[in-house]
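> After the structure tokens below, expect a handful of questions from me.
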Amino acid sequence: MTRVFSGIKPTGHLTLGNYLGAVRRWAEVDQHRTDALFCVVDMHALTVDHDPARVRRLSRQAATLLLASGLDPERCTVFVQSQVDEHARLSYVLECVATDGEARRMIQYKEKAVRERDRGGSVRLSLLTYPVLMAADILAYGTDEVPVGDDQTQHVELARDLAVRFNQRYGQAFVVPRATHPEVGARVMNLQEPTSKMGKTDDVGPGIVYLLDEPDVVRKKIMRAVTDSGRDVVHDRVARPGLANLLEILAACEGGDPGELSGAYRSYGALKKDTAEAVVELLRPVQRRHKELCADPAYVDGVLRSGAEKARGMARPRVDAAYRAIGLSAG
Ligand code: TYM
């Protein structure tokens, strides 16, 4: 059976981008047709300036939201990364396979490093090695497919390269994974800056729809989305990025093709209104279930505990084998 692994980083509240680009598909498709693991990758949240209590709170919230989005512990494994030591163990081994040039070429590293320096901070070494830890997350489980948004493609490519290199140098230990993306919604843009990705840690709050935003907040954010100066409604990512983003969000919510949908609209106002309502309806059941789960913390604890136990059992033999292959003693 196809093995799927994907993760989400608790650096902020989950967004509509996370949902449309990744989480919805994990729940609707991946968990039903594959042997899937979904992970709150809390160790990745320490790569930039962080508050320990907030990371713990956001990890819990992310895990609860994954369950609220429909991940079913009977069908897939849901866990928190730091509860499974194999990720860190394998990451070090892969650091001995990756090169520093490879790590420095990562677009997200370059962008985030500039941002940290602009804020007057220093860049943590873990920000550079982050994609290697991500490769460890993926390779530890013999993953075939990694369902992610567009922004993670380069990181999954690195995981592929490291798997191939390790296997060639030290003997067959890893499956070579590939990234998969949703047809629509793989890159949801910030509503106020439609040429930048809608990211959970960005500063432009009004341009980000969070999964736990109240319906009226969602409506306000979408009605105030920056559009373009033209009048006709067409789908053109380059010339009309704001409009294209709204059409893509609507298409992702309702199914269909953004280009075809554009033909149904004569005004920006009508498009915004329909998009806002579609998003409100999309989030309604997730928010309802989230509230129920918050009232039952013992259930969430139990899911995460048994998820971590299961994940450990799956990762351990492969990581031990990689240790032995590279010259360490294990097990
Ligand atoms: P993260 O936490 O930034 O995002 C989680 C998932 O959401 C997708 N995503 C988006 N998709 C569409 N539009 C957007 N605006 C948008 N923003 C985020 C991301 O592509 C991702 O699929 N490095 C990863 C976490 C990670 C991981 C892994 C993923 C760590 N280890 C192993 C897969 C496998 C990250 O920062 O995702």
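The values are calculated or read from the model by the stated rules, or taken from the named source; none is laboratory data. Only a predicted model underlies this, so the values are computations on that prediction, with no experimental measurement involved. Cβ atoms come from the backbone with ideal geometry, glycine included; neighbour counts cover every protein chain shown. These accessible areas exclude ligands, DNA and RNA; they are computed on the full protein's heavy atoms, side chains included. Shrake-Rupley method; radii C 1.70, N 1.55, O 1.52, S 1.80 Å.
> Which value, in Å², gives the accessible area per residue of region 200-292 when a 1.4 Å probe is used on the protein heavy atoms?
The answer is 52 Å² per residue.
> Now for a different question. Can you give the Kirkwood hydrodynamic radius of the chain from its Cα pairs, in Å with one decimal?
Computed over Cα pairs of the chain, the Kirkwood hydrodynamic radius comes out at 20.7 Å.
> Per residue, what volume in Å³ does the Cα convex hull of region 39-184 take up?
Details: hull volume 19.3 nm³, N = 146.
Dividing the Cα hull volume of region 39-184 by its residues yields 132 Å³.
> Follow-up. Between V164 and R305, what length in nm is gained on full extension when 0.36 nm per residue of separation is reduced by their alpha carbon distance?
So the extension gain works out to 47.5 nm.
> May I pose another question? With all protein chains present, how much of the accessible area of the chain (probe radius 1.4 Å) comes from carbon and sulfur, to the nearest whole percent?
48
> Rounded, prolate or oblate: which fits region 200-292 when a ≥ b ≥ c are the square roots of the eigenvalues of the alpha-carbon gyration tensor, with rounded for a/c under 1.5 and prolate only if a/b beats b/c?
prolate
> Here's something else I'd like to know. How high is the FRET efficiency from E281 to D49, r the C-beta distance, R0 30 Å, rounded to 0.05? Don't skip to the answer; put the middle values down first.
Numbers: r = 36 Å, r/R0 = 1.21.
Efficiency, from the Cβ-Cβ distance: 0.25.
> A further question on this structure: Can you give me the long-range amide H partners of A36? Hydrogens built in the peptide plane at 1.01 Å from N, cutoff under 5 Å, separation of 5 or more residues or another chain.
Answer set, sorted by chain and number: V4, T77.
> Accessible area, 1.4 Å probe, largest first: how do M1, M43 sort?
Per-residue accessible area, sorted high to low, gives M1, M43.
> Kindly count the pairs of lysines across region 200-292 whose alpha carbons are less than 16 Å apart, treating pairs on different chains or eight or more residues apart as eligible.
Count of close lysine pairs: 5.
> Further question: Find the accessible area per residue for region 1-96; the probe is 1.4 Å, ligands and nucleic acids are left out, and the unit is Å². Walk me through the numbers on the way to the answer.
Values: 3400 Å² over 96 residues.
Computed with neighbouring chains in place, this is 35 Å² per residue.
> Going through region 138-244, which trypsin sites (Lys or Arg not before Pro) have at most 11 other Cβ atoms within 10 Å and a DSSP loop state?
Within region 138-244, the qualifying trypsin sites (Lys or Arg not before Pro) (loop, at most 11 other Cβ atoms within 10 Å) are R231.
> Let me ask you something else. With each run of n ≥ 4 DSSP H residues scored as -39500 (n - 2.57), what mean residue ellipticity at 222 nm is computed for the chain after dividing by its residue count and rounding to the nearest 500 deg cm²/dmol? Before the final figure, lay out each step's value.
Working: 11 runs with 162 residues, N = 331.
Mean residue ellipticity at 222 nm (helix-derived): -16000 deg cm²/dmol.
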